[in-house]
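S.K.: Below you will find the structure I want to go over with you.
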Amino acid sequence: MKSFFKSKEMGILAVLVFLCTVLSVNNPIFLTLDNIQDILKANSVLAILAMGMTLVIITGGIDVSVAAITSAAMVITGHSMKLLPDSPISILLALIIAVASGLIIGLLNGTLISRLKIPPIVTTLGTMSIINGSILYFTNGVFLNSSNFPQVFIRFSDIKLAGISILVYIIALVTLITWYVMKYMMIGRSVFAIGGNPVSAVRAGIHLERTQLFVYGYMGFLAGIAAMTQMMYTKSVDPNGMLGFELTVISAVVIGGANILGGNGSVWGTLLGVLLLGVMQNGLILSHIDTYWQKVIVGLVILSAVSYDYLQHKRAESKQLKVEVQA
Amino acid sequence: MEFLLQMRKVSKTYPGVKALDGVQIAIKPGEVHALIGENGAGKSTLMKILVGVESADEGAEIEFAGEKVHFSKPIDATLKGISIIYQDLSLFPNLSVAENICIGRENAGKGYYRVQWKQMKLLAEKTLAELGLKVDVSLPLGKLSIAKQQLVAIARSLAFDSKLIVMDEPTSSLSSGEVEHLYNIIEDLRKRGISIIYISHKLKELFTVADRFTVLRDGKFVGSYDKDDMNEDKLISLMVGRKVEVINREENKGGEEVLRVEALSKRGNFKDISFSLHAGEIIGITGLVGAGRTELAQALFALNKPDSGNIYISGKKVDLKSSGDAVKHKMAYIPESRQTQGLFLRQSIIDNISVTVFDQMLNRFGFIERAREKQLASEYIQILDIRPPLAEMNAGQLSGGNQQKIVIAKWLSTEPKILIIDEPTNGIDIGAKTEIHKLLRRLTNKGIGIIVISSELPEVLAVSDRILVMKQGRISGEIAAAEATQEKIMNFAVLGAG
């Protein structure tokens, strides 16, 4: 517990609590259960993708194709749903289609990165462009709306358990699964080891390629889940709706304390990063501040978080001695 | 079983270089065996072959614990009972101490699916306790001092039930008190019947810990000796049997002083460095790896800011704030890793040579004049005899020796008065080495003062007018070329006294 209070997560939590206090003093609506649930629902897709991105960034990689993969999974699933009967089985089928589409593209990324050793940013830039182009070609940018979906899907999307939306449960489930994988499964520990020191990891018998394949595959899998979630939240498919969203995802992970150079990052930190972004956006809207400012503020938050980290690191490094000088 | 490990007929050929040539070594159970040789003698290569990081040429025989073995991955060697503790420790600063010790087996063997945090902690605490270290094993390793990290690395070998532990320069980043503690641990391991291959440059250390010695020189096996038949002088002469290639040279004319350094110090890098360099003179700075040579060179070129001390260029005190300042004062620095730091491999010879003097290549409209660049390049191709003499060729396509000449040309085009060159012939074949040496001597005729930093004693002897030897961040000796021998240098470098 002692280490928790000194951790990076604690710092983010403190900022989050401070922000919430200021906002609730300013505007009593902020601290209502409804508003908090709205924040969670509005950021469920961000949270799900950020979990996957955390793994990617811990290995020292990056995936800029997440938004494109999510859009692709949405388009494929949305158009398939037009053909599906109005029966509960359709929900399961839609989920399978979404997850399979995401997983396949993710594994493709993973294969290119791990086998062909193409740098992650190049690989995913390439797949992003291909996917975005293909989506435009097939959809002509046309929306799908709730009339295109089976009624059962709409009802499913509005399910509440104990007054809490199913979307919130999805965030919780994805977070817990990711946490378990990272904490208790060998593959999760390999992700950390590779990010910390790839040469040592290989010397210690860790499979670099297999781990990379897993990380990008998992990212794709979660993009499938995110696609499903986005459709449930908006009850529509906007082929262009996610353009540029990958940058928000990366921002959330970086604000959550992950090191963009790899090695460090945590599921809880990322969750806090997502909440911080979500609360900021919500607070700015409640305070009637122009949404353009939101981007400026997000940028400032990222830069101050990262420079603080960098300065800490630099200070630690300068303390390290290179040569044992004779007294 | 007389020997735990026997390696025989081990050779390793890299393109153009024979790193190991029929080397052998035999380790008894429960002994501390020192593996010793100059930089580049092949110690590390031999160990890399042992654990499967590198593969030996055809015909090598390795026998461990009575059976023939051949490892293709380090983890296979570890599982058989051979651990290696690299000089860089090869640990994970971002992971907990416990995980570092149990890395690769966090599930406590094949039995479980889940990572066994509790078992991991217990095992880590137990092995660390055996080494007399008490730390919170759930802390990230990066929070520990290097000395403690070293113990963690040893604990990892113990946790894998190693029968043989290779330690590569284990004391390179330890203070003297910590070294004492390490000796005690090694003594303890020996009592438990664990064999240790101990690689170190520090002879005093070796005589404290080692039972037997194996000496390598230029990739060849010199011999294995018992401690009783060995002393420091004998060991040094066994290490340095190499012949010096003599270059005909004129006596240094001793021009005016171009560089003077007074009491230059930087914490954790070097201390109290004072010397002067004259026009037309070559100073060789040598010493063992980790003596602070490169750190000093970088400080002279303002890449590593010293804490105190003064630098004078041509008699005037200067305060160099950046490497740009250093260049303005007619200084040039050629770093050791020329491929990554000194060359644009995918650009032409012309582009590589003219990059330092772009501002002189401009025509009156401010555009670079290609003809002028070409002329400059062909000039230096001729002076330095770069082959093939094709100015448009990409630097990456040339041999190592010729690449090094381009790097030199690039800096000569700035017409420096002071040239600092770090490991000028690293990774270059023998013939090209001599050529570079001759080239450096020729440059002195132009009145350039040169500082050559090198760990190769024959090289230092071949080119220098004066040799400064560094040990643990200080200059431990200065020798004039006429009186210098490899033994003398080694004595200063290792013992700190002539």
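S.K.: Does at least one position in the stretch B:41-50 carry a residue that is surrounded by fewer than 22 Cβ atoms within 10 Å (Cβ to Cβ), assigned to a loop (DSSP other than H, G, I, E, B) and out of contact with any Lys or Arg (no Cβ under 7 Å at 6 or more places or on another chain)?
M.R.: no
S.K.: Considering B:Leu95, B:Leu79, which residue is within 24 Å of B:Val115 (Cα to Cα), at the interface with chain A (Cβ under 10 Å from one of its Cβ atoms) and surrounded by 18 or more Cβ atoms within 10 Å (Cβ to Cβ)?
M.R.: On the way: B:Leu79 fails: surrounded by 18 or more Cβ atoms within 10 Å (Cβ to Cβ).
Matching residue, one of B:Leu95, B:Leu79: B:Leu95.
S.K.: A follow-up question, please. Looking at the stretch B:461-486, I want the residues that are away from chain A (no Cβ under 14 Å) and under 14 Å from B:Ser274 (Cα atoms) and have a partner that is in a loop (DSSP other than H, G, I, E, B) and among the aliphatic types (A, V, I, L, M) with Cβ atoms under 6 Å, at least 6 apart or on another chain. Which pairs are those?
M.R.: Qualifying pairs under 6 Å: B:Ile467/B:Ala484.
S.K.: While we're looking at this one, here's another question. If you go through the stretch B:77-127 one residue at a time, how many are touching a residue at least 40 places away in the same chain (Cβ under 8 Å) and aromatic (Phe, Trp, Tyr)?
M.R.: Here the count works out to 2.
S.K.: Return the total of residues in the stretch B:476-498 being part of a strand (DSSP E or B) and not acidic (Asp, Glu).
M.R.: Residues meeting the conditions: 4.
S.K.: Continuing with the same structure: Among the listed residues B:Lys243, B:Lys234, identify the single one that is at pLDDT below 85, more than 14 Å from chain A (Cβ to nearest Cβ) and under 30 Å from B:Arg442 (Cβ atoms).
M.R.: Working: B:Lys234 fails: under 30 Å from B:Arg442 (Cβ atoms).
When all the criteria are applied, what remains is B:Lys243.
S.K.: Just need a number here: residues in the stretch B:446-457 that are touching a Lys or Arg at 6+ places or on another chain (Cβ under 9 Å) and either of a type outside the set (A, V, I, L, M, F, W, C) or modelled with pLDDT under 90 (or both).
M.R.: Residues flagged as touching a Lys or Arg at 6+ places or on another chain (Cβ under 9 Å) and either of a type outside the set (A, V, I, L, M, F, W, C) or modelled with pLDDT under 90 (or both) within the stretch B:446-457 amount to 6.
S.K.: In this structure, is B:Arg267 modelled with pLDDT of 85 or more, surrounded by fewer than 17 Cβ atoms within 10 Å (Cβ to Cβ), within 14 Å of chain A (Cβ to nearest Cβ) and over 25 Å from B:Glu487 (Cα atoms)?
M.R.: Details: modelled with pLDDT of 85 or more: yes; surrounded by fewer than 17 Cβ atoms within 10 Å (Cβ to Cβ): yes; within 14 Å of chain A (Cβ to nearest Cβ): yes; over 25 Å from B:Glu487 (Cα atoms): yes.
Here the answer is yes, as B:Arg267 does meet what is asked.
S.K.: Can I ask one more? Residues to consider are A:His288, A:His313; find the one that is within 14 Å of chain B (Cβ to nearest Cβ) and either surrounded by fewer than 16 Cβ atoms within 10 Å (Cβ to Cβ) or part of a helix (DSSP H, G or I) (or both). Break it down stepwise before answering.
M.R.: Details: A:His288 fails: within 14 Å of chain B (Cβ to nearest Cβ).
Every option except A:His313 fails the conditions.
S.K.: Of everything in the stretch B:105-119 that's at pLDDT 80 or above and at the interface with chain A (Cβ under 10 Å from one of its Cβ atoms), which residue is surrounded by the most Cβ atoms within 10 Å (Cβ to Cβ)? Please lay out each step first, then the result.
M.R.: Taking the stretch B:105-119 and keeping what is at pLDDT 80 or above, we get B:114-119.
Then drop every residue that is not at the interface with chain A (Cβ under 10 Å from one of its Cβ atoms), which leaves B:114-117.
On the way: B:Arg114: 13, B:Val115: 21, B:Gln116: 19, B:Trp117: 17.
Across the stretch B:105-119, the extreme among qualifying residues is B:Val115.
S.K.: With the requirement that a residue be within 14 Å of another protein chain (Cβ to nearest Cβ) and in contact (Cβ under 8 Å) with a residue 60 or more places away in the chain, what does the stretch A:202-221 give you? Write out each step before concluding.
M.R.: Residues of the stretch A:202-221 within 14 Å of another protein chain (Cβ to nearest Cβ): A:202-211.
The answer is A:Leu208, A:Glu209, A:Arg210, A:Thr211.
S.K.: Given (1) surrounded by fewer than 21 Cβ atoms within 10 Å (Cβ to Cβ); (2) at pLDDT below 85; (3) of a type in the set (A, V, I, L, M, F, W, C), where does B:Leu376 come up short, assuming only one miss?
M.R.: (2)
S.K.: Could you tell me which of the residues B:Arg260, B:Arg249 is surrounded by 15 or more Cβ atoms within 10 Å (Cβ to Cβ), in a loop (DSSP other than H, G, I, E, B) and either more than 14 Å from chain A (Cβ to nearest Cβ) or modelled with pLDDT of 85 or more (or both)?
M.R.: Working: B:Arg260 fails: in a loop (DSSP other than H, G, I, E, B).
Within the list B:Arg260, B:Arg249, the selection yields B:Arg249.
S.K.: If you don't mind, another one. Does the stretch B:349-372 contain any residue that is of a type in the set (Phe, Trp, Tyr), in contact (Cβ under 8 Å) with a residue 12 or more places away in the chain and within 30 Å of B:Ala299 (Cβ to Cβ)?
M.R.: Restricting attention to the stretch B:349-372, the residues satisfying the condition of being of a type in the set (Phe, Trp, Tyr) are B:358, B:365, B:367.
Filter once more, keeping what is in contact (Cβ under 8 Å) with a residue 12 or more places away in the chain: none.
Among the residues of the stretch B:349-372, not one is of a type in the set (Phe, Trp, Tyr), in contact (Cβ under 8 Å) with a residue 12 or more places away in the chain and within 30 Å of B:Ala299 (Cβ to Cβ), which makes the answer no.
S.K.: Here's a follow-up. Going through A:Ile170, A:Ile177, A:Ile159 one at a time, which residue ends up being without any contact (Cβ under 8 Å) to a residue 60 or more places away in the chain and under 19 Å from the mean Cα position of the chain (by Cα)?
M.R.: Working: A:Ile170 fails: without any contact (Cβ under 8 Å) to a residue 60 or more places away in the chain; A:Ile159 fails: under 19 Å from the mean Cα position of the chain (by Cα).
Of the residues listed, the single one that is without any contact (Cβ under 8 Å) to a residue 60 or more places away in the chain and under 19 Å from the mean Cα position of the chain (by Cα) is A:Ile177.
S.K.: If you take the residues of the stretch B:14-69 that are closer than 17 Å to B:Ile85 by Cα and hydroxyl-bearing (Ser, Thr, Tyr), which of them is modelled with the lowest pLDDT?
M.R.: Per the stated criteria, the residue is B:Ser44.
S.K.: Then there is this: Exactly one condition in (1) over 16 Å from the mean Cα position of the chain (by Cα); (2) surrounded by 20 or more Cβ atoms within 10 Å (Cβ to Cβ) is not met by A:Ala73; state its number.
M.R.: Single failed check for A:Ala73: (1).
S.K.: Of all residues in the stretch B:399-455 being more than 15 Å from B:Ala332 (Cβ to Cβ) and among the charged types (D, E, K, R), which is farthest from the chain's Cα centre (by Cα)?
M.R.: As a first pass, look at the stretch B:399-455 and keep what is more than 15 Å from B:Ala332 (Cβ to Cβ): B:399-403, B:423, B:425-438, B:441-442, B:445, B:454-455.
Subset that is among the charged types (D, E, K, R): B:423, B:429, B:433, B:435, B:438, B:441-442.
Numbers: B:Glu423: 10, B:Asp429: 18, B:Lys433: 18, B:Glu435: 23, B:Lys438: 24, B:Arg441: 24, B:Arg442: 27 Å.
Selected residue: B:Arg442.
S.K.: Assuming B:Glu125 fulfils every condition listed in (1) more than 14 Å from chain A (Cβ to nearest Cβ); (2) modelled with pLDDT under 90 apart from one, which condition is it?
M.R.: So B:Glu125 meets the others, but not (2).
S.K.: Of everything in the stretch B:128-150, what is crowded, with 21+ Cβ neighbours inside 10 Å and either touching a Gly at 6+ places or on another chain (Cβ under 8 Å) or within 14 Å of chain A (Cβ to nearest Cβ) (or both)? Give them in sequence order.
M.R.: Of everything in the stretch B:128-150, those that are crowded, with 21+ Cβ neighbours inside 10 Å and either touching a Gly at 6+ places or on another chain (Cβ under 8 Å) or within 14 Å of chain A (Cβ to nearest Cβ) (or both) turn out to be B:Val137, B:Leu141, B:Gln150.
S.K.: Also: Among the numbered criteria (1) surrounded by fewer than 21 Cβ atoms within 10 Å (Cβ to Cβ); (2) under 17 Å from the mean Cα position of the chain (by Cα), which single criterion is violated by A:Glu246?
M.R.: With (1) surrounded by fewer than 21 Cβ atoms within 10 Å (Cβ to Cβ); (2) under 17 Å from the mean Cα position of the chain (by Cα) applied to A:Glu246, the lone miss is (1).
S.K.: Hey, another quick one. Anything in the stretch A:222-280 that is without any contact (Cβ under 8 Å) to a residue 12 or more places away in the chain and within 14 Å of chain B (Cβ to nearest Cβ)? List them, or say none.
M.R.: None - no residue of the stretch A:222-280 is without any contact (Cβ under 8 Å) to a residue 12 or more places away in the chain and within 14 Å of chain B (Cβ to nearest Cβ), so the list stays empty.
The values are calculated or read from the model by the stated rules, or taken from the named source; none is laboratory data. What you see is a predicted model; the values in this text were computed from it and never measured. Cβ sites come from the backbone with ideal geometry, for glycine too, and all protein chains shown count toward neighbours.
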